[in-house]
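A quick write-up on the structure given underneath.
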Amino acid sequence: MNIFSEKAAAGLEKCGIGFSSNPPSLLLAVSGGIDSMVMLYALKELSEKIQAKNTAALPPFFLSVVTVNHNIRPAFETEGDTSLVEACCAALGIPCVIRTILPGKIEELALERGGGIEEAARFMRYNLLEKEAAQREADFVLLAHNRDDQLETLLQRFLQGASAGISGKAAAGMARRRGIFCRPFLDISRCEIEAYAEKYRVPFREDSTNADAAYYRNNLRLHLVPLLNERFPGWDKAVLSGAEKALKTGAFIEEAAASIVWKPSMHSLQAVQTEAAFFFAAAFPVRIRALYAAVEKAGVRARVPYALLKAFAAGQKKVCGAGIELSCIGQRVYVQKEGQKEKNTAENKGPFFLNIRKPGIYELPFGTVKVGPEVQKGDCPAENKYGDVYTGPFKLPFEIRSFYTKGRIKTADGKHKSLKKIRSEWGIAPAHKELIPVIEYSGVPVCIWGQPLGYPTWYVKDSIRDEDDTVLLYFIVRKN
């Protein structure tokens, strides 16, 4: 076995891909460029050598290939790339499939995410690779990033201000393995890849955009890296050593941030929440990393500027921008898509909205509410100074939302009174103005439940004529 094959085998093992009696299925992402084409040929060669050496009936792993046409270059180039990959796979006896992204889709995604064409193409490519792996039941997806790619990534992230404390393990560069995605060539240099391609006459195509310095990574490769090689010998080893240290720091921060648990929030379709006291008790880098995790869980696809997360992690109560809204209300921290509210609640300006469709326990910013057909008096915790606090009955479904000034509620004489006037008459404290729950049927208020916070309760008695299959609301825990 030659040195290159030995390095490739070692790279697979570092990714956790072993050679056992149960051969794994490896899906190779091959673009037609020199790196991925060498990976294709080298792994085919490695498979044959291991099988011949062990005289095994099965190869050490099963190979298949997927190539993605991004449609961001001229058609004759992209079609030439896919044709080369197809032809080589056919000659090697390796299954190959082409996945095509419709023209203009990446440009649309780049505008939506705000990260540029390269970032949008990468995002869409990884989604396609993940789906293809699931469809083929592949154990791993292999990417052909090499040692030089790692160095360029580290330089790029350093110049963009990344660190282990800001965005997880960003300062450690590309992960050798992330889920099913593996990079077995991270210890192999581009010079070694070029030498292998020349020795074994591996066909490949050159991406015309590689010479375009308008792309950030190309600019580094064409201008900064040659300067560092000329003026600062050994810089590459120092950078890789620093990345290894950052990897350990990042892993520690990741582990600490994972202790901040984000749960789905009921006041928005795409929102998560966690305990504010626990969140702000964590170290600042941990808070930042936890917010990145929350943004991802909230379904935000665009890049969120660090300045927004920094402002909120430092104590600002509400931060909006880049499609995300961060807020601290009462004892909860909320992270949600900006403007994504529960259906039919476009005018809701308050901090919570619950669409109650079934009995259960629901959380409000100031406490917890039990929704059920029965109320057991005397079960309320001693810390709730207002005693047994309940209201109803109500028919399911209904909504609970924060107090707002728009709208009117029915009075005992059949007329209506504005919510704004009621709030004024009750003399509600500023801290409670948006916290008092209002119960509605399809946007029509039928109850202002003030008792949980020490105010009256306004209940429209004739809103329920038939009390069969009704529920009561019971305030069971007071948190502040």
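Worth a mention:
- Some residue of the range 266-280 being hydrophobic (A, V, I, L, M, F, W, C), under 27 Å from E363 (Cα atoms), crowded, with 18+ Cβ neighbours inside 10 Å and modelled with pLDDT of 95 or more: yes
- Residue satisfying condition, being assigned by TED's automatic domain parsing to the domain that holds A42, at pLDDT 95 or above and not small (G, A, S), within set E206, E192: E192
A quick yes/no check of all residues on (1) surrounded by 17 or more Cβ atoms within 10 Å (Cβ to Cβ); (2) among the small types (G, A, S); (3) in contact (Cβ under 8 Å) with a residue 24 or more places away in the chain:
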position	(1), (2), (3)
A256	no, yes, yes
S259	no, yes, no
V286	yes, no, yes
A290	yes, yes, yes
K297	no, no, yes
R303	no, no, yes
A311	no, yes, no
A314	no, yes, yes
C320	no, no, no
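- Pick from the range 105-139, criterion at pLDDT 90 or above and part of a loop (DSSP other than H, G, I, E, B), ranking: surrounded by the most Cβ atoms within 10 Å (Cβ to Cβ): A138
- Residue within the range 173-191 that is part of a helix (DSSP H, G or I), among the hydrophobic types (A, V, I, L, M, F, W, C) and touching a helix residue (DSSP H, G or I) at 6+ places or on another chain (Cβ under 8 Å) present: no
- Any hit, the range 35-52, residues being surrounded by fewer than 17 Cβ atoms within 10 Å (Cβ to Cβ) and acidic (D, E): yes
- Filtered by the rule that a residue be assigned to a helix (DSSP H, G or I) and surrounded by 19 or more Cβ atoms within 10 Å (Cβ to Cβ), the range 420-441 gives I422, R423.
- Test: residue in the range 2-20 that is under 19 Å from C191 (Cβ atoms), loosely packed, with under 14 Cβ neighbours inside 10 Å and among the β-branched types (V, I, T): yes
- Hey, G16 of a type in the set (G, A, S) and in contact (Cβ under 8 Å) with a residue 40 or more places away in the chain or not: yes
Conditions tested, residue by residue: (1) among the acidic types (D, E); (2) under 17 Å from F158 (Cα atoms); (3) in a helix (DSSP H, G or I); (4) more than 32 Å from the chain's Cα centre (by Cα).
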site: N219; (1), (2), (3), (4): no, yes, yes, no
site: H223; (1), (2), (3), (4): no, yes, yes, yes
site: E230; (1), (2), (3), (4): yes, no, yes, yes
site: P233; (1), (2), (3), (4): no, no, no, yes
site: V239; (1), (2), (3), (4): no, yes, yes, no
site: G242; (1), (2), (3), (4): no, yes, yes, no
site: K245; (1), (2), (3), (4): no, yes, yes, no
site: E254; (1), (2), (3), (4): yes, no, yes, no
site: I260; (1), (2), (3), (4): no, no, no, no
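The values are calculated or read from the model by the stated rules, or taken from the named source; none is laboratory data. What you see is a predicted model; the values in this text were computed from it and never measured. Every residue, glycine among them, receives a Cβ derived from its backbone with ideal geometry; neighbour counts consider all protein chains shown.
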